[in-house]
Structures are given as C-alpha cells and as structure tokens.
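Structure record follows, encoded as structure tokens.
The values are calculated or read from the model by the stated rules, or taken from the named source; none is laboratory data. Predicted model only: the values in this text are computed from it and were never measured. For neighbour counting, all protein chains shown are included, and Cβ atoms are generated from backbone atoms with ideal geometry for every residue, glycine included. Accessible surface areas use protein heavy atoms only, side chains included; no ligands, DNA or RNA. Shrake-Rupley method; radii C 1.70, N 1.55, O 1.52, S 1.80 Å.
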Amino acid sequence: MRIAIISDVHANLEALEQVLRDSEKQGAEIIHFLGDAVGYGCNPDECVKLIGKHCDIKLLGNHDYVALGLESTESFNKAARDALSWTQNAIAEATVEALANFELEANYLDYHLVHATPQSPDKWQYLFDTNEAREQFEFFSQSICFIGHSHFPSIFVRDSDGAISMHMKSTIQCQPDRRYIINAGSVGQPRDKDNRACYVIIDTENNEIQFRRVTYDIDATQEKMRKARLPEFLIERLAAGV
Ligand code: ZN
C-alpha cells in the first residue's frame with residue numbers, strides 16, 4: 001500500500017491541488033496531514049475543505065492553533081502575525097469548526113504522527129539537528145515518527161546502538177533495526193531552497209520512503225496574495241523556496 005504524508009499547506013491552494021494530483025498518480029490510497037492548514041497564504045477555507053475531503057488523519061499545527069484562538073501570536077514574527085490576523089478575519093466559521101476537529105497527534109500502523117515534536121505536541125519546538133532529535137526518540141514507541149513544522153525535509157536515523165544521524169536524501173529504505181524521525185517538508189511554503197511543493201510517499205511493501213517535489217503555479221499564488229495584501233516577504237519567499 002502507498003500512503004502520502006503531507007504537511008504545512010499554509011493556505012496555498014495551487015500547491016495543495018498539485019500535490020493531491022501527484023499523490024493520486026503515485027497510487028497513494030491514504031493521505032495523512034501533519035498540520036498548519038492555514039496561515040501565510042490566501043485560501044484557508046478552500047485548503048481546509050480539501051484536506052477534510054482527502055485526508056484521513058488530520059493534525060493541528062501552531063498556525064491552526066492561533067486561528068482557533070487557542071494561542072496568541074506572541075511567538076510569531078511580524079509577517080506571520082500579520083498573515084494570521086488576515087486569516088482570522090477572512091476565515092469562515094465552518095472552517096474554524098472543521099479545524100477544531102483536527103488532533104494534536106495520532107498513531108497509524110507503526111507510525112507516530114505529530115506537527116512539531118513527540119515530546120510536547122502543543123509546545124511547537126523545532127528539530128533541526130541530531131542533538132535536538134536525540135531525546136525525541138524516547139517519546140514515541142513506533143518505528144517512524146513523521147513531523148512537519150520546520151518546512152525542511154529531513155531524516156533523522158537512530159541506529160540499534162543509539163547513534164543518531166541526519167540525512168537529506170530523496171529516497172530511503174527503512175531498516176527494521178533502526179528508528180526514524182522524518183520531516184515531510186512543506187506543501188505550501190518550502191524553505192530548503194527548492195520552491196517546489198514537498199511531501200512524502202511511503203510504500204509499505206518495501207518500506208521505502210520517497211520525498212516528492214511537485215511544481216505548481218507560483219505566479220498565480222503570488223498574484224492572489226498581492227491582491228489580498230498579504231506581506232510582501234511571504235509572497236517573495238515562495239519563489240525563492242526559503
Ligand atoms: Zn508551518
């Protein structure tokens with residue numbers, strides 16, 4: 001069976017549509033979503049609707065949390081704060097109700113799913129290096145934990161002797177004596193200098209995990225964001241992929 005893991009859509013409808021198309025072409029039967037449906041982009045209602053229609057497990061991210069009024073924007077930078085105020089004004093009541101049903105963490109097969117870290121799903125810590133990843137392996141029992149949040153596709157591996165390493169490969173073959181934390185990257189706002197939408201496909205037959213990169217109409221997204229008067233910084237970073 002093939003399973004798609006998508007994360008950090010951030011109200012980017014054009015990117016989400018292309019990723020859903022690609023996952024269908026790839027034969028994904030199930031799609032799970034790791035959070036941050038809204039924030040930054042200009043189509044929160046459409047994106048939450050599509051995620052609701054296509055995704056099985058649906059998780060909350062920190063931007064969704066703010067949109068739900070569960071947290072303030074204190075820890076956000078100015079552009080993110082401005083985009084979240086925009087989102088709170090623009091978002092439909094039905095979208096807020098749908099988001100309220102998203103979860104903070106979930107388990108599926110031998111996978112743990114969470115937006116930020118397994119240790120504190122609602123504290124929104126970032127995992128960028130092996131030191132930060134090391135202790136997180138103690139907070140889930142499954143073989144693989146899928147995360148999002150940093151928008152940076154990456155793989156942390158824990159060997160049977162406890163050694164932790166970090167990799168950035170497009171495909172990995174998971175080994176039964178190892179455990180993994182895999183960041184699925186971002187659909188709607190990639191930050192690894194590749195402006196294509198990013199997501200992950202798991203093939204459960206051979207335990208292969210593949211990062212997919214999908215082009216979408218960035219110009220169209222940027223044009224809509226400009227019309228919506230979203231911060232220019234957020235518009236320009238889409239083309240740069242940073
Ligand atoms: Zn995000």
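Checked across segment 103-112, the condition of being surrounded by fewer than 24 Cβ atoms within 10 Å (Cβ to Cβ), within 16 Å of the ligand (Cβ to nearest atom), of a type in the set (Phe, Trp, Tyr) and closer than 26 Å to TYR180 by Cα holds for no residue. Of all the criteria given as (1) within 20 Å of GLU97 (Cα to Cα); (2) away from the ligand (no atom under 12 Å from the Cβ), the one not satisfied by ALA11 is (2). Among the residues of segment 152-166, the one identified as open to solvent by 60 Å² or more (accessible area, probe 1.4 Å) and among the acidic types (Asp, Glu) is ASP161.
Let's see how each residue does on (1) surrounded by fewer than 18 Cβ atoms within 10 Å (Cβ to Cβ); (2) among the charged types (D, E, K, R); (3) within 16 Å of the ligand (Cβ to nearest atom); (4) closer than 29 Å to TYR108 by Cβ:
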| position | (1), (2), (3), (4) |
| --- | --- |
| ASN43 | no, no, yes, yes |
| ALA79 | yes, no, yes, no |
| ALA83 | no, no, yes, no |
| GLU93 | yes, yes, no, no |
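Within segment 68-87, residues that are basic (Lys, Arg) have Cβ atoms under 9 Å from residues that are open to solvent by 60 Å² or more (accessible area, probe 1.4 Å) in these pairs: LYS78/PHE233; ARG81/GLU74, counting only partners at least 6 apart in sequence or on another chain.
In segment 167-193, the qualifying residues are those that are out of contact with any Asp or Glu (no Cβ under 7 Å at 6 or more places or on another chain), assigned to a loop (DSSP other than H, G, I, E, B) and away from the ligand (no atom under 16 Å from the Cβ), and the one that is least open to solvent (accessible area, probe 1.4 Å) is CYS174.
Working only within segment 49-74, note down all residues that are assigned to a helix (DSSP H, G or I), more than 13 Å from the ligand (Cβ to nearest atom) and under 13 Å from the mean Cα position of the chain (by Cα).
Within segment 49-74, ILE51 is the sole residue that qualifies.
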